1. Out of region 254-275, which residues are within 12 Å of the ligand (Cβ to nearest atom) and of a type in the set (Gly, Ala, Ser)?
2. Considering Thr343, Thr329, Thr307, which residue is among the β-branched types (Val, Ile, Thr), more than 22 Å from Val389 (Cβ to Cβ) and more than 10 Å from the ligand (Cβ to nearest atom)?
3. Where residues in region 310-321 are surrounded by 14 or more Cβ atoms within 10 Å (Cβ to Cβ) and part of a helix (DSSP H, G or I), which of them is nearest to the ligand (Cβ to nearest atom)?
4. List pairs: first in region 242-262 and farther than 20 Å from Asp411 by Cβ and touching a residue at least 12 places away in the same chain (Cβ under 8 Å), second β-branched (Val, Ile, Thr) and in a helix (DSSP H, G or I), Cβ under 6 Å, 6+ apart or cross-chain?
5. Please work out if Gly327 is of a type in the set (Gly, Ala, Ser) and in contact (Cβ under 8 Å) with a residue 40 or more places away in the chain.
6. Determine the pairs where a residue that is of a type in the set (A, V, I, L, M, F, W, C), located within region 68-83, has a partner that is in a loop (DSSP other than H, G, I, E, B) with Cβ atoms under 7 Å apart, the partner being 6 or more residues away or on another chain.
7. Of the conditions (1) within 16 Å of the ligand (Cβ to nearest atom); (2) under 30 Å from Ala100 (Cβ atoms); (3) hydrophobic (A, V, I, L, M, F, W, C), Ala199 satisfies every one except a single condition; which number is it?
8. Output the residues belonging to region 179-206 that are in contact with a helix residue (DSSP H, G or I) (Cβ under 8 Å, 6 or more places away or on another chain) and under 21 Å from Ala126 (Cα atoms).
Amino acid sequence: MATDSRSTAPARIDRRKSTRAPRDLRTVARSAAAGLDMGPALVLAPGREKSSHLRHPWIFSGAVERVEGDPASGDTVTVVAADGTFLARAAFSPSSQIRARVWTFDPQVTIDAAFFSHTVARALTARAQLFDAAHTAARIVHGESDGLPGVIADRYGDVIVLQCLSAGAERWRDVIAATLTEATGARCIYERSDADVRALEGLPVRTGPIQGTLSDGVAIVEDGISYAVDVVHGQKTGFYLDQRDNRRIVRRHAAGRRVLNAFCYTGGFSLAALAGGAAEVLSIDSSGDALHMARDNLARNAQLDATRARWHEADVFDELRRLRDAGGTFDLIVLDPPKFAPTAAHAERAARAYKDINLLAFKLLTAGGLLATFSCSGGISADLFQKIVAGAALDAHADGQIIAHLTAGADHPVALNFPEGDYLKGLLIRKR
Ligand code: SAH
């Protein structure tokens, strides 16, 4: 098959090269002198070690001069500079443009069960304050930013949903699952390794329980509001934990306001607005299943006034136009669309879509009204997003003031050496 030959060819060429390159001997000799266990190695092209010196966790295929040894997908490789200097230990991914993802920059650290147990424990300790009776869900492992590239773990009460999104994560999946169970006492570790990025790593989709069972369904409490989470069929791992702090902000501003929640999914911002005393909340999503769960979620919370909520299954782009044409107005609008631009290559089309919905939102907002607008697109920077929203206001003949810059919560940290982790950006804007 064409794909197979593409993915195996580079490794073959690299191995052939490695048998005659005199630099190999130097690399091995140096490492042996340093007392390091080399194993298979990625030797970078001259000058390509800079990003490793900055501790960026990705080694791109273009930076790799050759592969020494015969590593399989997910195997640990030693990354060395062209002059043989140790740079990192990383997981090899033969078919991805990101040829390796770094586990450690410390030559003394070996990649084994103890490494995962230590790294997971560190991630859990950092989040210990986030859990109590009124807060039972949070992301507990956030990939590269927690030192575990490609590993996502979301905790929903006593259930953990695990995503293995890289060859290295795949290779260590059972060890990571066992570590998570041991460290948290979770009754079930459920795998949702069905994100599109798995294909780039040459990995098939895989979902299902790794340990335990889901028998009783999954429910969480966020800021005192109860939600059921469909970890089996829901989007991503089942719930958008990254918006927790922003739901809290919307709740704080909702009192007495007529709220529009566009792209509402299972009702997160809608229920938060009701809890904050919103006069009414209209929620729109194109997914009937999500709206069904949203209604059920509202019913779970007897403290919220369900008569103030309306749910509408529609395309947001169409529905905002219809509302505008009907002369509708709102005092608080939430726009939390799906990822329009996964990479910078999609940025232009995505920019048009963001501008469209934000322009319509500015038209629907009353003077003094608030817009909480988001982009979770990796391909759209915070700077660009702000420019798009400013352009939308201009075209809508609206004046606005940014009153807060919004991001994901503390359970989605962004490592300083990994700016790519900063994918969620939002603005809270007051229309003048
Ligand atoms: N704000 C939500 C998460 C939103 S996820 C929360 O806090 O939980 C994005 C949602 O947009 C998904 O539920 C998806 O079904 C919906 N969606 C995607 N494209 C849409 C469209 N064109 N019109 C309406 N809904 C859309």
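None of the figures in this text is laboratory data; all of them are computed from the coordinates on show. All figures in this text were calculated on a predicted structure; none of them were measured in a lab. For neighbour counting, all protein chains shown are included, and Cβ atoms are generated from backbone atoms with ideal geometry for every residue, glycine included.
1. Ala262, Gly267, Gly268, Ser270, Ala272, Ala273
2. Values: Thr343 fails: more than 22 Å from Val389 (Cβ to Cβ); Thr329 fails: more than 22 Å from Val389 (Cβ to Cβ).
Going through Thr343, Thr329, Thr307 in turn, the sole match is Thr307.
3. Val316
4. Ala262/Val316
5. Details: of a type in the set (Gly, Ala, Ser): yes; in contact (Cβ under 8 Å) with a residue 40 or more places away in the chain: no.
Against the criterion (of a type in the set (Gly, Ala, Ser) and in contact (Cβ under 8 Å) with a residue 40 or more places away in the chain), Gly327 does not qualify.
6. Val77/Gly39; Val77/Pro40; Val77/Pro71; Ala81/Glu49; Ala82/Ala45; Ala82/Pro46
7. The one condition Ala199 does not meet is (1).
8. Residues satisfying the conditions are Thr179, Leu180, Glu182, Ala183, Thr184, Ala186, Ile189.
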